[in-house]
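Contents: one structure, followed by commentary.
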Amino acid sequence: MKDGGHGPAGDAGAGHHDHGAGAGHHHHHHDYNGGYPTNVAGESTPLLTTVMVRRPIRRYPHQTLRRFCSIAINASLLALFLTFFITVVTNPYERRHEWPGRHGRGHDYVAAHTNSITYDELERLLLDTPSGEKASEWSKYYTSGPHLAGKNLSQAEWTRDRWNEWGVASTIVAYDTYINYPLSHRLALLNKSGTKNGDGTQSWRVAFEATLKEDVLEEDPTSGLKDSIPTFHGYSASGNVTGSFVYVNYGTYWDFEDLIRANISLTGKIAVARYGGIFRGLKVKRAQELGMVGCVIYSDPGDDGEMTEVNGYKAYPDGPARNPSSVQRGSVQFLSVAPGDPTTPGYPSKPGVPRQPVDGAIPSIPSLPLSYAEAIPILKALNGHGPSAKDLGQYWERGIGLGHKGVKYNVGPSPDDVVINLVNEQEYITTPMWDVIGIINGTIPDEVVVVGNHRDAWIAGGAGDPNSGSAVINEAIRSFGEALSQGWKPLRTIVFASWDGEEYGLVGSTEWVEEYLPWLKDANVAYINVDVGAVTPVFGASAAPLLHKLIYDVTARVPSPNQTVAGQTVRDLWDGRISTMGSGSDFTAFQDHAGIPCISFGFEGQAPNSPVYHYHSNYDSYHWMTEYGDRGFVYHKAMAQILGLTIAKMSETPLLTLNATDYATALKQYVEKVEKKVDTKHTTTLSTDVEIFEFRSRLTRPESTGDPDMIKVELAKLQKSITKFRHAAISLDAQSAKLAEEANEHIPWWKIISKIRLARAIRATNNKYKNIERAFLYKEGLDGRPWFKHVVFAPGIWTGYAGAVFPGLDESIDNKDFVNTMKWADIINDCIKAATETIS
């Protein structure tokens, strides 16, 4: 707005430029308070002159105070804005969170989070919501029809829809995977008839034709479904082979070695192996390597413990013993070499990706699973042929369960006129598999907890494997849904997964990990797995040492369904043994490929009086579960409570619930185990099945390379590095405990610097924990199986399920390759030093 009201009429007033004579001089007429003009400069104006100007009159009486207040208010607003920005935008911990150890609402170190519930309320909800009735409902749904991998889209969609209903945003992720489905099969025992043909030769006759079917039981509706899945092996080779056969015991590396040393001819023969001890695919692998042409694997009741017919127990459905016609289906992929789609090792099997040849990943000889009822005629045909089990030593006499049926357990081979014809016809196709992925977004984007169970089964049932776990994860998700409906939001993001294709070779989970590997390595703090959730009252767990303490804490919070003393918890009735992780379930890619600490747990341990669990059989059914596995689904409920609390502890505590000192302790024990192996004077006493099968799976190489004495020097160096790691671990755990206490204390809002400092310290500490497991990855991978990157844990190369520790070192010692042993000792030492640096 122009001001033209102070000067004389017609005066342009301030800011008018005179462009007349003397253009270039600006003539400004300023009029202060109506009447004291300044002198206008002219040509005669002295260069220096004193001008008297009266001090301007203040507009307000307290102008200085007002100006000070304005500056103070603006500065305060700016400070508040910066505080808000730093604490809310850049500090993800600045929100109200209760966690274990906090009781009631109290104060914590963050500003109130308006719509949250306390940790105690969340825990109560996770204990109160799961129900046996609901678990039974989910179990009945999943087990009502076949849901083989790649053929269960309706169940994937149903699972996604339930999770969405419970407030967990869920989608389906598909992978194009290479997989087989059964077309036809035959197993027949043939012998030469006594009568001769016209040309003097004898013709073959069928002495026994196996049905390769499980009996239909009136009491068990699942067993009679029209669309039931035939008995077959996943990833088995098609073929039609005929030949003499040899009983190979459990088919471990040393079982075959014993046969070779007893001069038993194996080339061109068919192996008859019993299930148990090691992963079934490795039985086929060793038979194949030794020139055998086929493999039959049966379930021997001698491995069923107390609950057998020979001990006077009736067979299912009339009692707890094994039904004689039950067959264990399963994969024969070479699991200890690499899991996942065998045509896309190390990368996700998305449409259009290049496919690799499958040689060395799956068998090239055909195989079939068999019931013990149909194994008897084949085993009896070996009576009197070749050495007996007794001749081959103590490990051949274990668990002999068919003596009362007339089986002598001779190894053979069968005479040339007694042979097996084995036919296995499989259709191999590339077809979609469907993972269901549900997400509850947390406040911290780069700290994520992943929880998984697989959905696919070999049969229509699967009430134990995997759908007891499916019912459990559903109940946990439904419980978290209740919390979400009450305004709860987790501190860390939680990802739930219902995997497809686990049974064939951990396919759905492996492909997903391979696809999201960079993100998982950056963000995933732990993977929690439930496969078989409840088939017995005996709790069992395997886990990374970082997570042992968490399992003990959680099981001590959950009431046991079997309370001989009032108030007993699951922890009270559990022996507390936590196994090292091998393979055989969906944690494998997380732990061994991505370096993420994992837990896998469930009520699946065996007690002497446990009813026989019909693993991968039609009798793993809803009926078996309701009668023998988990009456009232009370252990399903307890497992859902354990799972819920485990997730809550991992996702809600400001400090990650990981313990580094436990890792250091474990590493020391693992090196001591290797030291015993190297010490030739040390004699190993084998007490458990796990120890026996680990021992029987070791390679045997008589020629050694390198100096074994140097190994002891290298192992001493490892122990020294572990001691340094241990000091750093103790210090980290102490720092974490101290920060947890501080986080629990009320910090007034004006101590903003303290709050920021605490939040940063928590974040830095959590980053250290997150990266411990990653430090033990070796980019080149293990010898001969580069997909496996973890230097501490891997499945044993000849056990498959059981976990090996320091596998590179261990295998080199078994091979007596001490040069390679030195290489692995160096690699491991570097990893321990990297882990120490990570947490220092």
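Computed from the coordinates by the stated procedures, all read-outs in this text should not be read as laboratory data. Owing to the predicted nature of the structure, the values given are computational and were not obtained by experimental measurement. Heads up, the Cβs are rebuilt from the backbone with ideal geometry, glycines too, and the neighbour counts pull from every protein chain shown.
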### Task
Could you tell me how many degrees, from 0 to 90 and to the nearest 10, lie between the Cα long axis of helix 752-772 and the main elongation axis, the longest principal axis, of the Cα atoms of the chain?
20
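Compute the relative contact order of the chain as a whole-number percentage, counting only Cα pairs closer than 8 Å that sit 6 or more residues apart in sequence. Intermediate values should be presented prior to the final figure.
Numbers: 1756 pairs, mean separation 137.5, N = 840.
Once normalised by length, the contact order is 16 percent.
Could you tell me the ratio Rg/Rh of the range 232-416? Both radii from Cα atoms, Rh via Kirkwood. Don't skip to the answer; put the middle values down first.
Working: Rg = 17.6 Å, Rh = 17.4 Å.
Rounded to two decimals, Rg over Rh is 1.01.
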### Query
Is any residue of the range 598-637 close enough, with backbone N under 17 Å, to a label point placed 7 angstrom from the Cα of residue 318 along the Cα-Cβ axis, and if so, which?
612
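State which entries of 549/770; 720/768; 549/755; 712/816 exceed 18 angstrom in Cα-Cα distance in the structure shown. Before the final figure, lay out the partial values.
Numbers: 549/770 16 Å; 720/768 21 Å; 549/755 28 Å; 712/816 14 Å.
Beyond 18 Å between Cα atoms: 720/768; 549/755.
Contour minus end-to-end for residue 404 and residue 742, with contour as 0.36 nm per residue of separation and end-to-end as the Cα-Cα distance? Let's see the in-between values first.
Details: separation 338, 0.36 × 338 = 121.68 nm, distance 6.79 nm.
Taking residue 404 through residue 742 to full extension adds about 114.9 nm, to one decimal.
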### Task
Please order 598, 295, 69, 831 by the number of other Cβ within 10 Å, starting at the fewest.
69, 831, 598, 295
### Message
Need the list of lysines near residue 314 for cross-linking: C-alpha distance under 22 angstrom, and skip anything on the same chain fewer than eight residues off.
### Response
213, 405
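Can you give me the orientation-averaged projected area of the convex hull built on the Cα atoms of the range 661-839, in nm²?
Averaged projected area of the range 661-839's Cα convex hull equals 12.4 nm².
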### Message
How far apart, in nanometres, would the label points at residue 677 and residue 566 be if each is projected 7 angstrom from Cα along the Cα-to-Cβ direction?
### Response
5.1
### Message
On a full-extension model of 0.36 nm per residue, what is the gain between residue 201 and residue 575, subtracting their alpha-carbon distance, rounded to one decimal in nm?
### Response
128.2 nm
## Note on the structure
With the range 484-635 reduced to its Cα atoms and the Debye formula applied, log10 I(q)/I(0) at q = 0.09, 0.21 1/Å amounts to -0.35, -1.38
#### Entry: Helix axis angle, 132-142 relative to the chain longest principal axis, alpha carbon, degrees
70
### Message
Under 20 Å between alpha carbons, and skipping anything fewer than 8 positions from residue 269 in its own chain: which aspartates and glutamates qualify?
### Response
209, 255, 257, 258, 289, 374, 416, 417, 425
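Report the calculated FRET efficiency for residue 552 and residue 208 (r = Cβ-Cβ distance, R0 = 35 Å), to the nearest 0.05. It would help to have the intermediate numbers written out before the result.
Working: r = 52 Å, r/R0 = 1.50.
E(calc), rounded to 0.05, equals 0.10.
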### Message
Need the full-extension length gain, residue 780 to residue 730, defined as separation in residues times 0.36 nm minus the C-alpha distance. One decimal, nm.
### Response
15.0 nm
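Taking 22 Å as R0, compute the FRET efficiency from the Cβ-Cβ separation of residue 311 and residue 397 and round it to 0.05.
Values: r = 18 Å, r/R0 = 0.82.
The calculated FRET efficiency here is 0.75.
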### Query
In degrees between 0 and 90, to the nearest 10, how far off the longest principal axis of the chain does helix 63-84 point, with axes built from Cα atoms?
10
### Message
With the crude spin-label approximation of a point 7 Å out along Cα→Cβ, what separation in nm comes out for residue 238 versus residue 719?
### Response
5.8
### Task
Would you kindly calculate the translational diffusion coefficient of the range 420-559, applying Stokes-Einstein with the Kirkwood radius from alpha carbon pairs, for 37 °C and a viscosity of 0.692 mPa s, and quote it in µm² s⁻¹ without decimals?
191
### Message
Taking R0 as 41 Å, what FRET efficiency do you get between residue 707 and residue 665 from their Cβ-Cβ distance, rounded to the nearest 0.05?
### Response
0.85
### Task
Provide the per-residue ³J(HN,Hα) series for the range 381-398, in order, calculated from phi with Karplus coefficients 6.51, -1.76, 1.60 and θ = phi - 60°, each as a whole number of Hz, with x at glycine and proline positions.
5, 8, 3, x, 10, x, x, 8, 4, 4, 5, 8, x, 4, 6, 8, 9, 5
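May I ask you to derive the relative contact order of the range 339-483, considering only C-alpha pairs under 8 Å and at least 6 residues apart, and to give it as an integer percent?
Values: 90 pairs, mean separation 23.4, N = 145.
It comes to 16 percent, rounded to a whole number.
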### Message
As a test of the definition: which semi-axes, in Å, follow for the chain when you take the square root of five times each eigenvalue of its alpha carbon gyration tensor? Largest first, please.
### Response
71, 30, 27
### Query
For the residue pair residue 364 and residue 171, what label-to-label distance in nm results when each label sits 7 Å from Cα along the Cα-to-beta-carbon direction?
4.2
### Task
Give the Cα extents of the range 248-306 along the principal axes, in whole Å, largest first.
37, 21, 15
### Task
Return 318, 522, 630, 733 ranked ascending by Cβ neighbour count within 10 Å, so the fewest neighbours appear first.
318, 522, 733, 630
